[in-house]
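Undergrad: So that we are looking at the same thing, I have put the structure below in structure tokens.
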Amino acid sequence: MASYLAPRLERIEQAYYPSPDDLWTAIRDEIKEAMTMFIPKRQTKRKDSRPWITKRLHRLIKKKNQLYKRCKRKGTLHLEKRYNMYRHLVQKLLRKQQADYVDRLFTDEEKPKDQLSKLFWTCVKHRRSPASANIGPLKRGNSLVTSAKERAEMFNNQFISVFSDQTEKIDYNEMTLQATMKDIIIDRNGVHKQLASLDPAKACVPDGICPRVS
């Protein structure tokens, strides 16, 4: 990967870019392309940490999701009633199974204590996980909204609606700056020092480049 990037970064260094943002964009694109070519990736699914869900509940949840898709696609009253029936049934059984599971942790005397302790902390971990705190479907008019993007837009529109429009516009061109800032000087040693201080075990930064690559 280093031998692949070296000549490309050298060409970028010799080229002219009108602004630091354009220069960084060119460097970032080359690094991302190298990451795609040389770093293997594997997408894994999140392990379900809800041990109280039985096979019957899995089938009911799958049936509920299928009915929701059909209801969203066709929108008939009959499908909506069936979906609501399965939704209430799944919700009721989920709560009952979870309550029974927690009760067994404190009343089951046949299992060893270390196994019960492991099951207990599995339950606690699930309650702390973001998956257990997901926002449910929101209702907009006569339809349910489940897409994360659409729900975020609904919350954003609600947030914007509580503020009034700004009537007085500020002309920033007429404003005079009272203080000036000295020029920022960036050299190789400073950049190298900042890159060396990155923790390779941390997650990717917003630009998508892993600290290990940096």
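The values are calculated or read from the model by the stated rules, or taken from the named source; none is laboratory data. Note that the structure is a prediction, hence the values are computed from the model and not measured. FYI the Cβ positions are ideal-geometry reconstructions off the backbone, even for glycines, and counts take in every protein chain you see.
Undergrad: Just to be sure, is ARG28 within 30 Å of GLU10 (Cα to Cα), surrounded by 12 or more Cβ atoms within 10 Å (Cβ to Cβ) and at pLDDT 70 or above? Please lay out each step first, then the result.
TA: Working: within 30 Å of GLU10 (Cα to Cα): yes; surrounded by 12 or more Cβ atoms within 10 Å (Cβ to Cβ): yes; at pLDDT 70 or above: yes.
Yes: the conditions hold for ARG28.
Undergrad: From the list GLU174, GLU153, exactly one residue is at pLDDT 75 or above and not small (Gly, Ala, Ser). Which is it?
TA: Working: GLU174 fails: at pLDDT 75 or above.
Only one candidate passes the filter, namely GLU153.
Undergrad: Could you please give the count of residues in region 181-205 that are under 22 Å from the mean Cα position of the chain (by Cα) and closer than 18 Å to GLU30 by Cβ?
TA: The number of residues fulfilling the criteria is 2.
Undergrad: Now, a different point. Could you list, ordered by first residue, the pairs with Cβ atoms under 7 Å in which the first is in region 65-79 and under 19 Å from LEU89 (Cβ atoms) and the second is among the charged types (D, E, K, R), at least 6 apart or interchain?
TA: Taking only residues 6 or more apart or on different chains, the pairs are LEU67/ARG82; CYS71/GLU80; LEU79/ARG70.
Undergrad: Please state which of the following conditions PHE159 fails to meet, knowing it meets all the rest: (1) assigned to a loop (DSSP other than H, G, I, E, B); (2) hydrophobic (A, V, I, L, M, F, W, C); (3) exposed (fewer than 10 other Cβ atoms within 10 Å of the Cβ); (4) at pLDDT 80 or above.
TA: (1)
Undergrad: Could you check, for region 91-100, whether at least one of its residues is over 29 Å from the mean Cα position of the chain (by Cα), in contact (Cβ under 8 Å) with a residue 40 or more places away in the chain and part of a helix (DSSP H, G or I)?
TA: So far as region 91-100 goes, yes, one or more of its residues are over 29 Å from the mean Cα position of the chain (by Cα), in contact (Cβ under 8 Å) with a residue 40 or more places away in the chain and part of a helix (DSSP H, G or I).
Undergrad: Let me ask something else about it. Is one or more of the residues making up region 112-124 acidic (Asp, Glu), at pLDDT below 75 and outside any helix (DSSP H, G or I)? Walk me through it before giving the result.
TA: Of the residues in region 112-124, the ones acidic (Asp, Glu) are 114.
Next, only the ones that are at pLDDT below 75 stay: 114.
Within this subset, residues satisfying the condition of being outside any helix (DSSP H, G or I) are none.
Looking for residues that are acidic (Asp, Glu), at pLDDT below 75 and outside any helix (DSSP H, G or I), one finds none in region 112-124, hence no.
Undergrad: Any chance you could count how many residues in region 186-197 are at pLDDT below 85 and not in a helix (DSSP H, G or I)?
TA: Adding up the residues that qualify gives 1.
Undergrad: Okay, moving on. Restricting to region 88-108, give me the number of residues that are buried (at least 16 other Cβ atoms within 10 Å of the Cβ) and within 13 Å of ILE61 (Cβ to Cβ).
TA: Looking only at that region, the number is 4.
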